[in-house]
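Reading through the structure tokens given below for one structure.
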Amino acid sequence: EAQVTQNPRYLITVTGKKLTVTCSQNMNHEYMSWYRQDPGLGLRQIYYSMNVEVTDKGDVPEGYKVSRKEKRNFPLILESPSPNQTSLYFCASSLGGNSWGNTIYFGEGSWLTVV
Amino acid sequence: AQKITQTQPGMFVQEKEAVTLDCTYDTSDQSYGLFWYKQPSSGEMIFLIYQGSYDEQNATEGRYSLNFQKARKSANLVISASQLGDSAMYFCAMREIYSGGGADGLTFGKGTHLIIQP
């Protein structure tokens, strides 16, 4: 079954404590990305990756890091979380090349609260 | 500059009626894709329908159809015969596809909260 898997799904953490949200896809997709969703703002892209070792900033990258060492994994790292990073986070993946218009698959979301 | 505009923050519709959710977009690119996603209260993002900028026919998927008017930069979602289970947030999104290879991520509108009333 085609899947994008995020972990953890729910997390409450304290300000400044480093955390990583993992994302893994089993579809051999080139493209992966992270979004955050906040009330009234829709979803905004944090970082994206067009392939292994290729990452780039999205619209709201401040306070986040990513890496793409393997094709299937794209972890989101919060080095020093702050309360304004409390949000619902989505990982997504899709094919690349001539298939850019294909369906973009989303993970189930990770609810993160920073206190 | 905002690229995707959804002008209806919320809508109430009677069950079994057809629903049109508005979406306009802004791009100077010739090649792009338009998507609609449904987000129920449980939070997951459910893909509904896709329209490519070069597709001549409007996309349809079961009860969903996309009314694509390229000159007006409009990509409205039409849901026929609405059901109680259609109550959710609906997001319009666009992806710009580069001629040299590669593509942007999705740019989302702020969403429309649709409530179907019995």
Worksheet entry | Subset of region B:91-102 (residues that are within 11 Å of another protein chain (Cβ to nearest Cβ) and either within 18 Å of B:Gly43 (Cα to Cα) or free of Cβ contacts under 8 Å to residues at least 60 places away in the same chain (or both)) | B:Phe91, B:Cys92, B:Ala93, B:Gly101, B:Gly102
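Condition check ((1) away from every other protein chain (no Cβ under 11 Å); (2) open to solvent by less than 10 Å² (accessible area, probe 1.4 Å); (3) in contact with an Asp or Glu (Cβ under 7 Å, 6 or more places away or on another chain)) across all residues:
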{"site": "A:Gln3", "(1), (2), (3)": "yes, no, no"}
{"site": "A:Asn7", "(1), (2), (3)": "yes, no, no"}
{"site": "A:Tyr10", "(1), (2), (3)": "no, no, no"}
{"site": "A:Lys18", "(1), (2), (3)": "yes, no, yes"}
{"site": "A:Asn28", "(1), (2), (3)": "yes, no, no"}
{"site": "A:Met32", "(1), (2), (3)": "no, yes, no"}
{"site": "A:Met50", "(1), (2), (3)": "no, no, yes"}
{"site": "A:Ala92", "(1), (2), (3)": "no, yes, no"}
Practice prompt. Kindly indicate whether any position in region B:62-79 is over 12 Å from the mean Cα position of the chain (by Cα) and within 14 Å of chain A (Cβ to nearest Cβ).
Written response: no
Discussion item. Considering only residues that are more than 18 Å from B:Met94 (Cβ to Cβ) and either assigned to a strand (DSSP E or B) or of a type in the set (Phe, Trp, Tyr) (or both), which ones fall in region A:40-49?
Written reply: A:Tyr47, A:Ser49
Practice prompt. Please work out which residue is most open to solvent (accessible area, probe 1.4 Å), limiting yourself to region A:52-90 and to residues that are in contact (Cβ under 8 Å) with a residue 24 or more places away in the chain and farther than 29 Å from A:Thr15 by Cα.
Written response: A:Arg72
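Are there strands (runs of 3 or more DSSP E) fully within region B:1-73 with at least 2 residues that are closer than 21 Å to B:Leu106 by Cβ? List them.
Numbers: elements: B:10-14, B:19-21, B:32-39, B:46-52, B:64-69.
Here the list reads B:32-39, B:46-52, B:64-69.
The values are calculated or read from the model by the stated rules, or taken from the named source; none is laboratory data. All figures in this text were calculated on a predicted structure; none of them were measured in a lab. Here the Cβ is made from the backbone with ideal geometry for all residues, glycine too, and neighbour counts use every protein chain on show. We work out accessible area using only protein heavy atoms, side chains counted, and drop any ligands, DNA or RNA first. Shrake-Rupley method; radii C 1.70, N 1.55, O 1.52, S 1.80 Å.
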